[in-house]
Each structure stands twice: as C-alpha cells, then as structure tokens.
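Here's the structure we're looking at; comments come further down.
The values are calculated or read from the model by the stated rules, or taken from the named source; none is laboratory data. Everything quoted here is computed from the prediction, not taken from an experiment. Don't worry about glycine lacking a Cβ; one is built from the backbone with ideal geometry, like all the others, and counts go over all protein chains shown. In case anyone asks, the SASA skips ligands and DNA or RNA and just uses the protein heavy atoms, side chains included. Shrake-Rupley method; radii C 1.70, N 1.55, O 1.52, S 1.80 Å.
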Amino acid sequence: MSWRQPSSSVSLPEVHSSVPVPTGGFWKKLFAFAGPGYLVAVGYMDPGNWATDLAGGAKYGYTLLSVIMLSNLMAILLQALAARLGIASGRDLAQACRDHYSRPTTLFLWALCEVAIAACDLAEVIGAAIALNLLFGLPMIWGVCLTSADVLLVLWLQHQRFRYVEALVVLLIVGIAGSFAIELALARPDVTGVAKGIVPSAAILRDPAMLYIAVSILGATVMPHNLYLHSSIVQTRKYKDDLGSRKEAVRFATIDSTFALMSALFLNGAILVMAAATFHGTGHETVADISDAYLLLAPLLGTSLASTLFAVALLFSGQNATLTGTLAGQIVMEGFLNIRLRPWLRRLITRLIAIIPALITVAIYGERGTGQLLILSQVVLSLQLPFAVFPLVLFTGDRSKMGELVAPMWMRALAWPVAVVIAALNAWLLWQTFVR
C-alpha cells in the first residue's frame, strides 16, 4: 500500500495541478514538464557557492573542475529522487517526514529546516545587496531591504500563473549564463587546462589546503531546501493519477531537472574557469572575496565590461535564489506543521528571518562582516543537509510508501553512498571550521 491517498492537504494548494499536460507527442509533454528543474537549479548557483569557486580557481587553477562535476552528479541523483517522491507519493518531503516520524522528531526536523532556509536566504540577500553596491554604490543596508521586495513579485506572478514564476527564473538564468559566456571569452582560458581539470587529480587528496576547498565545494553544493522544493513543485503539473501517467511524469521531471542542473554545472564551472584564467599565476591567487574579484577583473582583463557583467550575474543569481527560497519556506512550514498561512504572510516571515541578521551585521560591521556571514550561512546549511538527504533516500527506497514507483535498485545503490559521503564531508567541514 503506497502513501497515495485522498487528502485535502496537498502541497502548495494554490498552484497544485495548475499546469496542464497535453496529450500530444514527446516534445509537447517535455515542454509542459520543463520548469521545476530550473527553479531547483538556481540553488546550485547562488552567491553562497561563488566564494568557493573563486577561491578554487584563483589558487589552484583548473584542478578543482572535477570536484564541481562530481558535486553536480550527486545533485542530479538526489533531485531525481525528490521528484520521484513527489510524483509517486503525492507528498512533498516535508509532508512525508510528518507522516513517517513522531511529532517531536517532526518538530525537530522542521526547526532545523527553517534555520537552513533562513541561512540560505541570508546568503542570497547579501549576495544581491553586494551586487547592488558594486553596480550602483547603493549602501548595503538599503540593498538588503530592496532585494527583499521579491516577496511581492512572487506573490503577483504566482497569482497570475505558476508558469510566470518559472519563466522569470529561466530568464534570469539565461542572463547569468550570457554574462559568464562573455566573461570566458574575455578571460581566454587555456582549453587544454580546462580539459585536464575535468579529470580527477590525486593532488587534491595530497594537498590539505586544496582538499579543504574541494570539500567546501562538495559539501555546500546540495542545498537541503531544494529537496523539499522539488518534491513539491513537480506536483504543479496536472498529470493523471494512474500508474502509467505517473511513470511518465517521473521520466519527464527527471529529464527536466537533469538538463537544468547541467546549466548549474556550466555556471559554477565558468566561475572557477574565469578565476583560474584571470587570477591564477598573476599574483592574485589569494582572491576569494566577491568584491575583490569585481575590482580586479577590469584591470586584469582590460575592460570595465568584465566587472560590470560579473556584478550583473551576481545580482541575477542572488535575486533568482531568493525567489525559490520563499517558495521553499512555505512548503516546509505547511508540510511539517500542517499550518496554512496566507502566502504573503509566510513569505514575509521567511524574509524577515533572513533580513534581520543581515541588517544587524551590516549596521555593526559594515561590508567587512558580510563575508563572514556568508561563510556562516554555508556552515549552517551543512549542518542540516543530512537530515534532509537521509529521509529522502529512505522514503524513495521503501516500496510500502512508493508503490510501483519505488526507486530502482541501481538508484538506491548510488544514493546511500552519496548520502553517507555528503554527511561525512559536511561533518569534516564543520570540524575544520570550529576545531582546526
């Protein structure tokens, strides 16, 4: 007996089954299912990832490209499981945890997830505020407040059609990709070096400093809120409830997320390649701060366009991730607690939790404090990640919950080692952060 049962508490009720699926051919259906994967992909290219990519490229050239690729493959697997859970069970990951665990455990998982979403929101708000400061000289305090206006934008777009939210996210991703395509053309990276960097190197394991950055990239890549988000938004498609239709939905949702996450691979790789081509071997190997990279790009590449495009991409990245973070906040609260708040109120709460610490830090420490706040946000995310990954792998491998759409053996054989590796790497990162 699977989890699927008549229930009034569907995930994101205001947009549930709101996107029709045509009865036509492959490409029509693929287009209908395209979108949720890109909302998820923005979490893998948010400002919190930029520092590790910049540091890795500046200090070690192209060597850590293989780590970015490995991280992306892990993400593809876990997001495919999240989509499968939502379609097969009709429950998002938060609802599944509420169904499976005791009330105290559910409350514990909810509290951890809320802290993680706040930390992720914090990184995104600060990243967008830094971009506004670099582009327009806008004080950080005002930048933090301005970036939070996305609450109103998401509400308006979602009230119109969920497809509009997806379209805006894809448009911003295209803007980020276009900016970095030009950056790469200006930086003129060594193609041979890039090709060698894709192949894993034993030097990563031998050099403790390089290993630390590599683990930072791996450990901070998979965002816990993306697993909750994806398991919910795949249910915005109006597929039929029979087994064949749900199997088809799983297939198209997996294609969607895989292609979308390949765009995240390109963008994270582009940041590292640009940093390697511009800073490595030029006496600027210590560059890891976003503001420093912005200031150095123009003189090193010989055009102010390089710095401007970098800041524009950062702004798009931060704003894009905040759009999806607000949706994740609603999914988590409603899923774990079964509390229905008005969407505008839920998003306002999510925003305030992120804005208040950002405003306090900027007011007390100025721009210098934002770097440490970004690092802290990634540490908080790493703490919560195993509490999202392990339930996901457990649920999707349980036939009593998933029915005929239980994850196949090969997926489970890959997913459990990935979950253990991610948990171990994050534990190691925390130890290095607080003990070393």
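Out of everything in region 34-53 that is in a helix (DSSP H, G or I), surrounded by 24 or more Cβ atoms within 10 Å (Cβ to Cβ) and hydrophobic (A, V, I, L, M, F, W, C), what residue ends up being modelled with the lowest pLDDT?
Among those that are in a helix (DSSP H, G or I), surrounded by 24 or more Cβ atoms within 10 Å (Cβ to Cβ) and hydrophobic (A, V, I, L, M, F, W, C), it is W50.
Keeping to region 112-147, report how many residues are at pLDDT below 75 and surrounded by fewer than 24 Cβ atoms within 10 Å (Cβ to Cβ).
Selection size over region 112-147: 0.
Looking at region 55-67, can you tell me whether even one residue there is farther than 30 Å from G281 by Cβ, in a helix (DSSP H, G or I) and out of contact with any Gly (no Cβ under 8 Å at 6 or more places or on another chain)?
Residues of region 55-67 that are farther than 30 Å from G281 by Cβ, as a first pass: none.
Within region 55-67, not a single residue is farther than 30 Å from G281 by Cβ, in a helix (DSSP H, G or I) and out of contact with any Gly (no Cβ under 8 Å at 6 or more places or on another chain).
Residues being touching a helix residue (DSSP H, G or I) at 6+ places or on another chain (Cβ under 8 Å) and open to solvent by 10 Å² or more (accessible area, probe 1.4 Å): count how many of those fall in region 226-239.
Total meeting the criteria: 1.
Return the residue satisfying two criteria in turn: it lies in region 299-316 and is of a type in the set (G, A, S) and at pLDDT 85 or above, and of such residues it is most open to solvent (accessible area, probe 1.4 Å).
My answer is S304.
Considering (1) part of a loop (DSSP other than H, G, I, E, B); (2) over 27 Å from L168 (Cβ atoms), say which one P22 fails and leave the rest.
Single failed check for P22: (2).
Every residue in region 418-436 that is without any contact (Cβ under 8 Å) to a residue 24 or more places away in the chain and either among the aromatic types (F, W, Y) or open to solvent by 70 Å² or more (accessible area, probe 1.4 Å) (or both), please.
V420, W431, F434, V435, R436, listed by residue number.
Which of the residues belonging to region 89-122 are assigned to a helix (DSSP H, G or I) and either in contact with an Asp or Glu (Cβ under 6 Å, 6 or more places away or on another chain) or among the charged types (D, E, K, R) (or both)? So that I can check it myself, show each step before the final result.
Filtering region 89-122 for residues assigned to a helix (DSSP H, G or I) gives 89, 93-100, 103-122.
Answer for region 89-122, where residues must be assigned to a helix (DSSP H, G or I) and either in contact with an Asp or Glu (Cβ under 6 Å, 6 or more places away or on another chain) or among the charged types (D, E, K, R) (or both): R98, D99, R103, E114, D121.
What pairs can you find where one residue is in region 176-190 and farther than 16 Å from G302 by Cβ, the other is open to solvent by 10 Å² or more (accessible area, probe 1.4 Å), and their Cβ atoms are less than 6 Å apart, with a gap of 6+ or different chains?
Correct list of pairs: I176/F316; S179/L309; S179/V312.
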